[in-house]
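What follows is a short report on a single structure.
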Amino acid sequence: MATLLKARNVTKKFAGLTAVDSVNLDIEEGEIVGLIGPNGAGKTTFFNSITGFYPATFGSVEFDNHDITKRSTFQNCKAGMARTFQIVQPFGQLTSLENVMVGAFNRESSYSAAEKIAREMIQFVGMEDKINSIVADLTIGDQRKLEMARALATKPKLLLLDEVMAGLTPTEIEECVELVLKIRNSGVTILMIEHIMAALMKLSDRVVVLDHGKLIAEGTPQDITKNERVIESYLGSAYKKDKKDD
């Protein structure tokens with residue numbers, strides 16, 4: 001497998017606060033990599049730093065063999081990097097089709113071509129019955145699927161998912177797990193932040209752990225669940241006891 005993303009000593013400072021502290025991370029093509037850590041650990045800031053939303057204060061980011069450290073989010077999206085957000089950000093008064101077309105226009109200049117891609121992506125995430133629905137009227141679960149469809153319409157090589165399962169019902173979580181696997185099987189590499197541990201551990205090939213902006217552990221899901229430092233900083237003693245009782 002080729003290395004798709006290389007982050008080296010990525011650091012992000014806000015005045016006197018170091019939110020991300022010298023993080024190194026490689027992501028191989030075809031992987032699903034989970035990113036976990038307590039609230040305030042710097043996970044979303046790391047996403048922002050590698051996508052260009054908040055340029056890194058120090059360090060470098062290489063994507064698909066190109067240095068993208070100083071590139072804008074628009075340029076990175078054109079290069080094949082797309083993301084979702086913790087809080088869904090749809091165009092509420094537009095239809096599902098129109099929302100996803102916004103992403104498709106990243107690749108296409110004609111209305112008909114963008115519409116074709118949008119229809120394909122809406123079908124891909126299983127929302128063809130809501131293609132003409134006003135997005136503000138959709139459930140949070142459907143809005144999250146739609147946001148993934150909009151990101152996929154940009155034709156990404158790497159998709160960054162920021163808590164796409166937050167606020168979902170158990171049934172919706174299962175559907176989301178299947179959708180993430182479907183996305184990976186379509187050829188898209190995935191880096192995801194998620195607090196639903198059962199789902200994340202099921203999906204991830206590797207798990208990376210941040211705490212206070214620092215990378216404190218990296219390994220298979222099985223390795224991470226046994227890591228004493230991760231248990232202490234994030235998973236908690238209750239998780240350790242539950243695993244022992246299983």
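Please indicate, with yes or no, whether at least one residue in region 184-194 is β-branched (Val, Ile, Thr), crowded, with 23+ Cβ neighbours inside 10 Å and in contact with a Lys or Arg (Cβ under 6 Å, 6 or more places away or on another chain).
Here is the first cut: in region 184-194, the ones β-branched (Val, Ile, Thr) are 188-190, 193.
Then keep just the ones that are crowded, with 23+ Cβ neighbours inside 10 Å; that gives 189, 193.
Still in the running and in contact with a Lys or Arg (Cβ under 6 Å, 6 or more places away or on another chain): 193.
Yes, region 184-194 contains a residue that is β-branched (Val, Ile, Thr), crowded, with 23+ Cβ neighbours inside 10 Å and in contact with a Lys or Arg (Cβ under 6 Å, 6 or more places away or on another chain).
When you look at Leu158, is it over 24 Å from Glu108 (Cβ atoms), at pLDDT 95 or above and touching a strand residue (DSSP E or B) at 6+ places or on another chain (Cβ under 8 Å), yes or no?
Details: over 24 Å from Glu108 (Cβ atoms): no; at pLDDT 95 or above: yes; touching a strand residue (DSSP E or B) at 6+ places or on another chain (Cβ under 8 Å): yes.
It is false that Leu158 is over 24 Å from Glu108 (Cβ atoms), at pLDDT 95 or above and touching a strand residue (DSSP E or B) at 6+ places or on another chain (Cβ under 8 Å).
Of everything in region 108-158, what is without any contact (Cβ under 8 Å) to a residue 60 or more places away in the chain, of a type outside the set (Gly, Ala, Ser) and not in a helix (DSSP H, G or I)? Give them in sequence order.
Residues satisfying the conditions are Glu108, Val125, Met127, Ile131, Asn132, Ile134, Leu138, Thr139.
Can you give me the ranges of the strands (runs of 3 or more DSSP E) entirely in region 1-78 with at least 3 residues that are surrounded by 15 or more Cβ atoms within 10 Å (Cβ to Cβ) and among the β-branched types (Val, Ile, Thr)?
Details: elements: 3-14, 17-28, 32-36, 58-63.
It comes to 17-28, 32-36.
Being among the small types (Gly, Ala, Ser) and in contact with a Pro (Cβ under 9 Å, 6 or more places away or on another chain) is the requirement here; does Ala118 meet it?
Numbers: among the small types (Gly, Ala, Ser): yes; in contact with a Pro (Cβ under 9 Å, 6 or more places away or on another chain): no.
Spelling it out, it is not the case that Ala118 is among the small types (Gly, Ala, Ser) and in contact with a Pro (Cβ under 9 Å, 6 or more places away or on another chain).
Tally up the residues in region 65-97 that are at pLDDT 95 or above, over 22 Å from the mean Cα position of the chain (by Cα) and not hydrophobic (A, V, I, L, M, F, W, C), please.
Residues flagged as at pLDDT 95 or above, over 22 Å from the mean Cα position of the chain (by Cα) and not hydrophobic (A, V, I, L, M, F, W, C) within region 65-97 amount to 1.
Of the conditions (1) buried (at least 20 other Cβ atoms within 10 Å of the Cβ); (2) of a type in the set (A, V, I, L, M); (3) more than 30 Å from Arg107 (Cβ to Cβ), Ala151 fails just one. Which one is it?
Answer for Ala151: the failing condition is (3).
Of everything in region 79-96, what is surrounded by 19 or more Cβ atoms within 10 Å (Cβ to Cβ) and in a helix (DSSP H, G or I)? Give them in sequence order.
Ser96
The values are calculated or read from the model by the stated rules, or taken from the named source; none is laboratory data. Here the structure is a predicted model, which means the values were calculated and not measured. When we count neighbours, we look across all protein chains shown, and the Cβ atoms used for this are built from the backbone with ideal geometry, even at glycine.
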